[in-house]
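The values are calculated or read from the model by the stated rules, or taken from the named source; none is laboratory data. Everything quoted here is computed from the prediction, not taken from an experiment. We place every Cβ from the backbone using ideal geometry, glycine too, and count neighbours over all the protein chains shown.
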Amino acid sequence: MGESPPPVDRLPERLVIEFDRRAMEFAWVRIREATHQVRPVTIWTNHPFRRANDPLWTGHRLLAEADWVLNEAPDLALVPWLSAQTGPHTLLIQNLCGWPTHDAALWPQVDPSRYGFYGFARADPLTTLPDGEPANSRNIEIIRAAYRRLETLRGHAGPAAPRSAEPPGTPR
């Protein structure tokens, strides 16, 4: 970056962000190259998006080039911003349940023709079934009802086809 480094405990935030962006860029390029050299695959990324217009993520090529991007944030206000950061072949997937701050009842606010849905439940360590915690049970029932309603609206079982389930440039 052409400057003498300041003491580690006094790094300006702009330098920390720039370093993190470059590190993610370097890792992303290597991951994408390595996977596509082996065979065409869908690359699904999962990141802790915390705020819109985050300088770490705004305009980052990883979001524009990844095949699927999972938004773990329970704040649906991030969806429009995040959608603007993704590329034309990127499927944005909204996590609706799994963490205590998620509320699966928000699913009608996510347009299923533009976004994918994701959810999980904490598993019982002995049975591997959902652990029976009331929040898990409530969210599972909400997600089950959501998928049934979507099946009815589409007139068939199964999820809608994502914008691109194959990496860009995959031969058809």
Of (1) outside any strand (DSSP E or B); (2) modelled with pLDDT of 85 or more, Q94 satisfies every one except (1)
Scanning region 1-29 for residues that are farther than 26 Å from A73 by Cβ, in a helix (DSSP H, G or I) and not acidic (D, E), the one modelled with the lowest pLDDT turns out to be V8
Reported set for region 32-55 where residues are in contact with a helix residue (DSSP H, G or I) (Cβ under 9 Å, 6 or more places away or on another chain) and β-branched (V, I, T) is V41, I43, T45
Checked A104, A73 against criteria (surrounded by 15 or more Cβ atoms within 10 Å (Cβ to Cβ), in contact with a Gly (Cβ under 7 Å, 6 or more places away or on another chain) and under 29 Å from P130 (Cβ atoms)); the one match is A104
The residue from A23, A27, A34 that alone is out of contact with any Asp or Glu (no Cβ under 9 Å at 6 or more places or on another chain), loosely packed, with under 10 Cβ neighbours inside 10 Å and more than 30 Å from Y147 (Cα to Cα) is A34
Scanning region 39-80 for residues that are among the basic types (K, R) and outside any loop (DSSP other than H, G, I, E, B) gives R61
| request: Say whether the condition of being surrounded by 15 or more Cβ atoms within 10 Å (Cβ to Cβ), at pLDDT below 85, in a loop (DSSP other than H, G, I, E, B) and within 20 Å of the chain's Cα centre (by Cα) is met by at least one residue in region 119-129. | output: yes
Only one of F49, F26 is among the aromatic types (F, W, Y) and touching a strand residue (DSSP E or B) at 6+ places or on another chain (Cβ under 8 Å), namely F49
Of (1) in a loop (DSSP other than H, G, I, E, B); (2) more than 12 Å from the chain's Cα centre (by Cα), H36 satisfies every one except (1)
- On the given criteria, is E65 acidic (D, E), out of contact with any Leu (no Cβ under 7 Å at 6 or more places or on another chain) and under 13 Å from T86 (Cα atoms)? yes
Note: among R144, R61, R154, just one is modelled with pLDDT of 85 or more and at negative phi, namely R61
